[in-house]
1. Which fully enclosed strands (runs of 3 or more DSSP E) of segment B:39-136 have 2 or more residues being among the hydrophobic types (A, V, I, L, M, F, W, C), within 14 Å of chain A (Cβ to nearest Cβ) and more than 27 Å from residue A:71 (Cα to Cα)?
2. Identify the residue in segment B:1-37 that is of a type in the set (Lys, Arg) and assigned to a strand (DSSP E or B) and, among all such residues, is nearest to residue A:74 (Cα to Cα).
3. Among the numbered criteria (1) touching a strand residue (DSSP E or B) at 6+ places or on another chain (Cβ under 6 Å); (2) free of Cβ contacts under 8 Å to residues at least 60 places away in the same chain, which one does residue B:5 miss?
4. For segment B:42-51, check the following and say yes or no: at least one residue is in contact with a Leu (Cβ under 7 Å, 6 or more places away or on another chain) and of a type outside the set (Asp, Glu).
5. Just name the residue that is farthest from the other protein chains (Cβ to nearest Cβ) out of those in segment A:1-42 that are among the acidic types (Asp, Glu) and under 22 Å from residue A:82 (Cβ atoms).
Amino acid sequence: MARIAIRSDAVVLKDGKILLEDGRLIGNWIKVGEDAEEVCRETATKMGMDIELIKPLHPTVRWGTNEKGEKCTVVNLSYLAKLKGEEDGG
Amino acid sequence: MEGKFIIASGPVIIEEGKLLVDKDNKDDFYKLPGGTIREGTEDLEEACHRKVKEEINGEIEIIRPLHPKILWENPTTKEKMAIILISYLAKLKNKEEIKPVPPTQEIKWLDLKEIDKWKHSVSPYTQFLIEKGDIK
């Protein structure tokens, strides 16, 4: 059975810096039935942030194998975002 | 997650206030050019270039990505699967040379001034891009 992982991330820029949580962008892996933009917003909310997505950024797809040797496709969707009430993300 | 999936990529081409769409022999609505990426060998932009060439003999320059969309079932067969739709705003470099390449049967330029007239006769993803403001 084919395997795919889809991740959705928000790129929040402020004062020339990028916002990371534990070294990662603000986002999560998408589960079946979920919406990419909603995943970003919900993840931010759980971290105590209120974000507004501004525009989509370049998506990527990577082809590889996981630790079990199974073929796995990873798709990354990302959005430029800003913290609500602040200036545009840059 | 496990299961069937499709990743599709294509361009949104707007010139002189008109949107380029095409129609093949499978669907009864107009859709954006583009289609399924070649698994393991192609990236999203390469697939976008290849599909527009295959469908309408078009050559494009990609400008920027537009809103992606994930469908969780095939809209035609209702089969449960992940369909990831990716599109790019693009500029057509060879307008005079485009033509329908089978199975593409028709190319049409839809006037954006009349968007309310035709927005329900285009693919659901095209409608999504209209709602997002990517096609206007």
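1. Working: elements: B:60-65, B:69-73, B:80-92, B:104-111.
Passing ranges, in order: B:60-65, B:80-92.
2. Looking only at segment B:1-37, we keep the residues that are of a type in the set (Lys, Arg), and these are B:4, B:18, B:23, B:26, B:31.
Those left that are additionally assigned to a strand (DSSP E or B): B:18, B:23, B:31.
On the way: B:18: 34, B:23: 30, B:31: 26 Å.
Of everything passing the filter in segment B:1-37, B:31 is nearest to residue A:74 (Cα to Cα).
3. Status for residue B:5: all satisfied but (2).
4. Within segment B:42-51, the first condition is being in contact with a Leu (Cβ under 7 Å, 6 or more places away or on another chain), and the residues that meet it are none.
No - not one qualifying residue is present in segment B:42-51.
5. Our first condition is that a residue be among the acidic types (Asp, Glu); within segment A:1-42, this holds for A:9, A:15, A:21-22, A:34-35, A:37-38, A:42.
When the remaining residues are screened for being under 22 Å from residue A:82 (Cβ atoms), the result is A:9, A:15, A:21-22, A:35, A:37-38, A:42.
Values: A:9: 12, A:15: 24, A:21: 22, A:22: 23, A:35: 7, A:37: 8, A:38: 11, A:42: 15 Å.
For segment A:1-42, the residue satisfying everything is A:15.
To keep it simple, each residue is scored yes or no on (1) surrounded by fewer than 21 Cβ atoms within 10 Å (Cβ to Cβ); (2) hydroxyl-bearing (Ser, Thr, Tyr); (3) modelled with pLDDT of 95 or more; (4) in contact with a strand residue (DSSP E or B) (Cβ under 7 Å, 6 or more places away or on another chain).
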| site | (1), (2), (3), (4) |
| --- | --- |
| B:50 | yes, no, yes, no |
| B:67 | no, no, yes, yes |
| B:83 | yes, no, yes, yes |
| B:86 | no, no, yes, yes |
| B:92 | yes, no, yes, yes |
| B:97 | yes, no, yes, no |
| B:121 | yes, yes, no, yes |
| B:136 | yes, no, no, no |
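The values are calculated or read from the model by the stated rules, or taken from the named source; none is laboratory data. Everything numeric here is computed off the predicted structure, so don't read it as measured data. Positions of Cβ are generated from backbone atoms using ideal geometry, with glycine treated the same way; all protein chains shown enter the neighbour counts.
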